[in-house]
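Each remark here refers to the structure printed beneath this line.
The values are calculated or read from the model by the stated rules, or taken from the named source; none is laboratory data. All figures in this text were calculated on a predicted structure; none of them were measured in a lab. Glycine gets a Cβ as well: all are built from the backbone with ideal geometry, and neighbour counts include every protein chain shown. Just the protein is used for accessible areas: all its heavy atoms, side chains included, with ligands, DNA and RNA removed. Shrake-Rupley method; radii C 1.70, N 1.55, O 1.52, S 1.80 Å.
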Amino acid sequence: MSETCCASKASTTIPTPVHPLDPLTQDELAQAAAILKQTQQLGDSCRFPYLQLEEPPKAEVLAFEAGKAFSRRVFATVLDKSNGAMFEAMVDLVAETVTDWQQLDHEVTGQAPIMIEEFFTCVDIVQNDADWRAAVKRRGLTDADIENIQIDPWSFGYFGDDPKYKGKRLMRGVAFYRDQFTDNGYAHPIEGLVAIIDLNEGKVIELLDDGRDTPIPKTKRNYDTPSLGEPRSDVKPLHIVQPEGVSFEVDGWKVNWQNWEFRVGFTPREGLVLHQLGYNDKGETRPIIYRASVTDMAVPYSDTALNHYWKCAFDGGEYGLGRLANQLELGCDCLGAIHYFDIPAVDDKGEPFTMKNAVCMHEEDYGTLWKHYEFRTDVFEVRRSRRLVISFFCTVGNYDYGFYWYLYQDGTIEMETKLTGIIQTAGMVPGTKPACGGGLVTPEIYGPSHQHFFNARLHMMLDGEQNSVLETNFSAKPAGEDNPWGNAFNTDVTTLTTEQQAAREANGQSGRFWKVINPNKTNAVGNHPGYKLMAEHNPVMLAQADSYIGQRAGFAAKHVWVTPYEPSERYGTGNYPNQNKGDGLPVYTQQDRNVENTDIVLWHTYGHTHICKPEDFPVMPVEYVGFKLKPNNFFDANPAMDLPAGKDHRSVGVADDDSDGGDGGDGGDCCAS
């Protein structure tokens, strides 16, 4: 990343673990892979879809004392490409032994996630298939054209136990024409042609061709800088500088900032994880969340055409959000005084490497935090807000997703997910309408309508391990003796006691919200300390509940789930959603366990329903979705009252005057009486 984009940068690569939750180092990853290869006699055909830290039991982590010894275990999923066999393993690095090794029945558990090398394998298999080449030529293309055709590898999904698919490791391949290799292929979809690939056999086992004569759109819609022409010339430099340095402190994977403290983690499936998030309140660090992450996402499509009816990508469980993380040095994803975390990882063969600058952390100005002008006394006070940003970006095929955790000085926690990249496209006859109601983006192309659902897992630990969840609803109070003026309303609060009761949907009309509390403690006004979930983006799953997609993406049927903490229940879609008929939260919660005054996990579904439009093409502007957790009776007063008054009088490129121009920073007399 060039210094013209970023004021400063630093990165952290930690060679030696000092805490039980520290991600595995390159040496530890190499050691684990070597132990597995040697003890299990793994040949060249074996791959490692997962090789990651097995997080220690919660009790061990909470009891840990700095400088004391701790366990280091590695979880692995091993796939033998020669026969499709799939195994799970546990490696004890301290004892240098394999403590568990078992073969999985992937017809029951689902397939291991698709690996990076399989993306390229899929492309090679399709492009060299004689029947596929013949089908492409029937659409007017030549052998020379085929060399530039883009193949998008897709997960297969699940559509029943058809014997011809049973037991096979499958992918689908859809095609896009390119006049030259660097063209934007999504401007030229090839409709009505889908290849089904057996990855273990290395061949196309079925070619779906509806024989339609939909023309291939040929108008170029490239987005690389040389193709875009002369850019606008009125964009002046915008500098973000912190001349005295940053306000956060980094010690390995631990971060302290503005009374917040937490540990940074990272997994191949989830990407960024926040551990042991707490707030220092009057000298006491009060725990809030033990572990926070986005465990998976589902992207179901609303289109019955051959190229699209089966599409429902689980970008975490089928591919791996962390495995597909961007190395942020490639572009100006973060601005200001930046701290990067380098992430140790392994490739499909278990060889370690470093994902440079995979996680970005920096501070941002965020406008007014609190303010009041008392006109009677001329007392005027205002404080500006800033937030800490911890983020990563990943690219999953055509879409790019950014996951941004924000911490605020008033105790607020926010997850913001940014959706950008390129929409899936479909060709059509100009002058016609899409059969399934997709949105036109050019006269020749439409984008199939679809939804994006994200699953956030929040292992709560609010002032201790015993928590409950309350649901609040508002309703108009009937006129009568206790409401003579008709202005009063009811506030109804319900404690969610079991998993089935706690599977809930948002309701804007009743102002429904949920609050996590510690029922064993009270604050200065006699209320239980709590944090309120502000569910801000609440689409519902529109696929039928009993459809294959509806069952596989069952977590999206509810906006809120609550489960008792169970270490094996880590993901909203289950351990292996690839070719799985359905797992995760709908299965976990069938046990209907107690969730009152116990160690709980709060799961939140949020997302976006996307009806495509011309402004989404050729590259979609960022769409923002997410949620907030706000303190509610957690503090005795506004925790940001101790912020210094001030104004930055030396903003770069701005004349020094007495106006409150929103330039950010600290120091000065315009913000205090």
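Cross-link list Lys58/Lys254; Lys58/Lys166; Lys203/Lys311; Lys81/Lys581; Lys81/Lys164: which exceed 27 angstrom alpha carbon to alpha carbon? Cα-Cα > 27 Å for Lys58/Lys166; rest within.
Only sites in a loop by DSSP and with at most 14 other Cβ atoms within 10 Å count here; which GluC sites (Glu not before Pro) in segment 236-343 make the cut?
Details: sites: Glu244, Glu249, Glu261, Glu270, Glu284, Glu318, Glu329; in loops: Glu244, Glu270.
Answer in residue order: Glu244.
The length gained on full extension between Leu208 and Ala479, counted as 0.36 nm times the residue separation minus their Cα-Cα distance, comes to 91.1 nm.
Segment 361-415 and segment 141-184 have Cα centres lying 42 Å from one another. For Asp234, the accessible area of its heavy atoms, probed at 1.4 Å with every protein chain present, is near 110 square angstrom.
Per DSSP H run of at least 4 residues, take -39500 (n - 2.57); add these up for the chain, divide by its residues and hand me the 222 nm value, nearest 500 deg cm²/dmol. Don't skip to the answer; put the middle values down first.
Details: 9 runs with 61 residues, N = 673.
Value at 222 nm, helices only, nearest 500: -2000 deg cm²/dmol.
Is the shape of segment 122-250 rounded, prolate or oblate, going by the alpha carbon gyration tensor and its root eigenvalues a ≥ b ≥ c, with a/c under 1.5 for rounded and a/b larger than b/c for prolate? Please list the in-between numbers first.
Details: a/c = 3.34, a/b = 1.61, b/c = 2.08.
It is oblate, given that a/c is not under 1.5 and a/b is not larger than b/c.
The dipole here belongs to segment 308-391: it is taken about the Cα centre, uses +1 on the Cβ of Lys and Arg and -1 on the Cβ of Asp and Glu, and is about 280 debye. Among the listed options (i) 35.0; (ii) 33.1; (iii) 39.4, the one matching mean projected area of the Cα convex hull in nm² as calculated from these coordinates is (i). Express in % the proportion of alpha carbon pairs of segment 276-372 at distances exceeding 18 Å. So the pairs more than 18 Å apart make up 72 percent of the total in segment 276-372. DSSP beta bridges confined to the chain are antiparallel in about 95 percent of cases.
Just to confirm, what accessible area per residue do you get for segment 64-182 at 1.4 Å probe, in whole Å²? It would help to have the intermediate numbers written out before the result.
Values: 5410 Å² over 119 residues.
With the other protein chains kept in place, segment 64-182 gives 45 Å² per residue.
Mind checking which of Ala30, Ala535, Leu321 is farthest towards the positive end of the chain's charge dipole, using Cβ charges of +1 (Lys, Arg) and -1 (Asp, Glu) about the Cα centre? Comparing the listed Cα positions along the dipole, Ala535 ranks first.
Using a/c under 1.5 as the rounded threshold, could you call segment 445-566 rounded, prolate or oblate? The axes a ≥ b ≥ c are square roots of the C-alpha gyration tensor eigenvalues, and prolate needs a/b larger than b/c, oblate otherwise. Working shown, then result.
Values: a/c = 2.54, a/b = 1.34, b/c = 1.90.
Verdict is oblate for segment 445-566.
How about segment 237-308: which trypsin sites (Lys or Arg not before Pro) there lie in a loop by DSSP and see at most 13 other Cβ atoms within 10 Å?
Details: sites: Lys254, Arg263, Arg269, Lys282, Arg291; in loops: Arg269, Lys282.
Loop-located and lightly packed - Lys282.
Shape class of segment 590-634 from the alpha-carbon gyration tensor: oblate, with a/c at 1.5 or above and b/c at least as large as a/b.
How big is the Kirkwood radius of segment 436-516, worked out from every pair of different alpha carbons and given in Å to one decimal?
Details: mean 1/r = 0.0582 Å⁻¹.
For segment 436-516, inverting the mean 1/r across all distinct Cα pairs yields 17.2 Å.
Apolar share of the accessible surface for segment 360-451: 55 percent from carbon plus sulfur atoms, 1.4 Å probe.
Kindly state, to the nearest 0.05, the FRET efficiency for Phe181 paired with Leu62, given R0 = 51 Å and r defined as their beta-carbon distance. So, using R0 = 51 Å, E works out to roughly 0.40. Segment 557-603 to segment 23-37: how many Å between their Cα centroids? Measuring centre to centre over Cα atoms gives 30 Å.
Counting charges near Arg570 (Lys, Arg +1; Asp, Glu -1) among other residues having Cβ under 12 Å from its Cβ returns a value of -4. Probing with 1.4 Å while keeping every protein chain in the model, the per residue accessible area of segment 303-362 equals 27 Å². Taking a straight line from the alpha carbon of Lys532, these lysines sit under 22 Å away, with near neighbours fewer than eight places off in the same chain left out: Lys282, Lys515, Lys521, Lys558, Lys628, Lys630.
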